[in-house]
Amino acid sequence: MSEPTSAEQLATSQAEVGSASATVLREVHAARGRKALDRAAAACRYAGVEEHDAQAVPRDPAAKAANALRLSAQVLAELDHSPLDPAADARCARNAAAAAALAAQVARDHGGVTEPSAAAYRAALKASQAAMRAAGSEGMGRNEDLNADADAAEADASLAAQAAGWL
């Protein structure tokens with residue numbers, strides 16, 4: 001057997017670095033997605049939306065929130081069993097943030113629009129939009145600045161949900 005060439009060593013090294021960074025990115029996206037999912041579940045509980053409210057073809061906001069929560073939970077649960085793909089992982093986090101925004105709308109409307117509930121809804125929308133940018137064609141889940149913005153928006157949304165009494 002011959003020794004690997006420097007080009008082969010470089011390719012192997014780059015693949016290892018790419019895999020390591022993809023693993024770190026998965027952890028970042030999964031953590032953000034789980035936080036958004038926790039917010040969505042809490043907002044649904046607050047609004048009295050339960051798992052059985054999910055429908056195959058949801059028509060009202062409560063059914064849509066229950067369905068989005070169920071689907072996001074399923075996808076995040078399967079994340080560890082899928083191939084590393086920062087773009088797909090970021091889309092999972094984006095979908096969870098979108099579910100949380102929908103649940104925040106239902107919670108806001110359920111309890112009557114107060115300043116804390118309106119602020120929590122606005123923060124949920126901002127978190128969803130930031131997650132969308134991080135997952136979008138510019139970032140593809142790999143842009144550090146967009147991921148940092150999405151993480152910060154998620155933290156703000158969690159604080160606002162706490163202030164509204166949803167968490």
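The values are calculated or read from the model by the stated rules, or taken from the named source; none is laboratory data. Fair warning: this is a prediction, and the values are worked out from it, not measured in the lab. We place every Cβ from the backbone using ideal geometry, glycine too, and count neighbours over all the protein chains shown. Each accessible area value is taken on the protein alone, full model and side chains, heavy atoms only, with ligands, DNA and RNA left out. Shrake-Rupley method; radii C 1.70, N 1.55, O 1.52, S 1.80 Å.
By how many nm would the segment from residue 45 to residue 114 lengthen if fully extended, with 0.36 nm per residue of separation less the alpha-carbon distance?
23.1 nm
At a threshold of 8 angstrom on Cα-Cα distance, excluding pairs fewer than six apart, so keeping six or more, what relative contact order does the range 15-107 reach in percent?
Over the range 15-107, the number comes to 45 percent.
Could you sort 45, 59 by their accessible area in this structure, using a 1.4 Å probe and putting the largest first?
The ranking, largest first, comes out as 59, 45.
Once you charge only the Cβ atoms, +1 for Lys and Arg and -1 for Asp and Glu, what is the size of the charge dipole of the chain about its Cα centre, to the nearest 20 debye?
Dipole size: approximately 680 debye.
Net charge near residue 56: determine it from the other residues with C-beta under 13 Å of the C-beta of residue 56, scoring Lys and Arg +1 and Asp and Glu -1.
Result for the neighbourhood of residue 56: +2.
Between residue 71 and residue 31, what length in nm is gained on full extension when 0.36 nm per residue of separation is reduced by their alpha carbon distance?
12.7 nm
Using a 1.4 angstrom probe on heavy atoms only, work out the carbon and sulfur share of the accessible area of the chain in %.
The value for the chain is 54 percent carbon and sulfur by accessible area.
Can you tell me the 0 to 90 degree angle between the C-alpha axis of helix 86-110 and the longest principal axis of the chain, rounded to 10?
With both axes taken from Cα atoms, the answer is about 10 degrees.
Given a cut-off of under 8 Å on Cα pairs at least six residues apart, what relative contact order in percent is computed for the chain?
Computed over the chain, the figure is 26 percent.
Using Cα pairs under 8 angstrom and six or more residues apart, how large is the relative contact order of the range 127-167, in percent?
36
Between 148, 43, 30, where does the largest GNM mean-square fluctuation fall for the chain, given springs only between Cα atoms within less than 10 Å?
Greatest mean-square fluctuation among the candidates belongs to 148.
I'm a student and want to see the number: the projected area of the Cα convex hull of the chain, averaged over all directions, in nm².
The orientation-averaged projected area of the Cα hull of the chain comes to 11.4 nm².
Round to the nearest 10 and give me the degree value, 0 to 90, for the angle of helix 115-135's Cα axis relative to the longest principal axis of the chain.
The answer is roughly 20 degrees.
Which is the longest part of the chain that has none of the GluC sites (Glu not before Pro) sitting in a DSSP loop with at most 14 other Cβ atoms within 10 Å?
51-137
How much accessible area per residue does the chain have, in Å², with a 1.4 Å probe?
55
Sorted by packing (mean other beta-carbon atoms within 10 Å per residue), highest first, where do 94-100, 118-124 land?
94-100, 118-124
For the range 83-125, how big is the tail of P(r) above 15 Å, as a whole percent of Cα pairs?
I get 48 percent for the Cα pairs in the range 83-125 exceeding 15 Å.
Given the rule -39500 (n - 2.57) for each run of at least 4 DSSP H residues, summed and divided by the residues of the chain, what is its mean residue ellipticity at 222 nm, to the nearest 500 deg cm²/dmol?
-27000 deg cm²/dmol
Could you work out how far helix 61-78 tilts from the main Cα principal axis of the chain, as a 0 to 90 degree angle to the nearest 10?
Once rounded, the angle reads 20 degrees.
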